[in-house]
1. What is the number of the single condition among (1) of a type in the set (S, T, N, Q); (2) more than 16 Å from PHE27 (Cα to Cα); (3) under 14 Å from the mean Cα position of the chain (by Cα) that THR79 does not meet?
2. Restricting attention to region 84-98, does a residue exist that is surrounded by 14 or more Cβ atoms within 10 Å (Cβ to Cβ), in contact (Cβ under 8 Å) with a residue 60 or more places away in the chain and either among the hydroxyl-bearing types (Ser, Thr, Tyr) or at negative phi (or both)?
3. Please count how many residues of region 41-69 are buried (at least 16 other Cβ atoms within 10 Å of the Cβ) and under 15 Å from HIS97 (Cβ atoms).
4. Considering only region 5-19, state which residues are at pLDDT below 85 and either assigned to a loop (DSSP other than H, G, I, E, B) or more than 18 Å from the chain's Cα centre (by Cα) (or both).
5. Would you confirm whether or not region 107-114 contains a residue that is open to solvent by less than 40 Å² (accessible area, probe 1.4 Å) and at pLDDT 95 or above?
6. List the residue pairs whose Cβ atoms are under 8 Å apart, where the first residue sits in region 104-118 and is under 12 Å from THR79 (Cα atoms) and among the charged types (D, E, K, R), the second is outside any loop (DSSP other than H, G, I, E, B) and open to solvent by less than 70 Å² (accessible area, probe 1.4 Å), and the two are 6 or more positions apart or on different chains.
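The values are calculated or read from the model by the stated rules, or taken from the named source; none is laboratory data. All values reported here derive from a predicted model rather than from experimental measurement. Virtual Cβ from ideal backbone geometry, glycine too; neighbours counted across all protein chains shown. Only protein heavy atoms, including side chains, enter the accessible area calculation; ligands, DNA and RNA are left aside. Shrake-Rupley method; radii C 1.70, N 1.55, O 1.52, S 1.80 Å.
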Amino acid sequence: MATNEDASCLFCAILKVQKRAAAPAFFNTSSSFAFLDIMPAADGHTQVIPKYHAETLGDLPDEYLRDIGPVIKKIALATGVAEYNVLQNNGKMAFQHVPHVHFHVVPKPNASEGLVITPEVTFTQKKATNEELAATCARMIQKVRL
């Protein structure tokens with residue numbers, strides 16, 4: 001469960017049920033939680049969130065940042081892709097859709113998948129099936145460095 005929890009926050013709700021969560025959840029520390037994005041921009045697109053409700057990076061206590069940085073690195077390496085983006089948005093104008101600090105780790109396997117930066121930044125997304133998420137999760141668990 002998140003400390004400093006917000007009952008109306010989607011990510012706090014995910015943290016509350018993490019032990020019962022489906023296959024997309026796959027990395028858990030005392031301060032951070034990682035799960036696959038259900039609308040991935042590329043295979044392995046992962047959300048990494050602190051177990052502390054803070055709307056922006058500036059609101060997040062440093063001890064959570066000390067934990068989440070190495071988690072982001074491990075997830076990025078576990079994708080098995082040499083190139084990737086780590087994205088963190090703060091506030092609605094900066095395209096933050098869930099008001100809980102979170103980091104997107106988005107693999108860039110080729111020019112057309114992942115984060116695509118043009119005059120308008122877009123994600124190439126498609127709804128992933130539970131089977132696709134489970135297979136990606138299993139593959140990444142094998143690669144994550146503990």
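1. Here THR79 clears every test but (2).
2. yes
3. So the count comes out to 5.
4. VAL17
5. Yes, region 107-114 contains at least one residue that is open to solvent by less than 40 Å² (accessible area, probe 1.4 Å) and at pLDDT 95 or above.
6. Final answer for the pair search is LYS108/ASN85; LYS108/LEU115.
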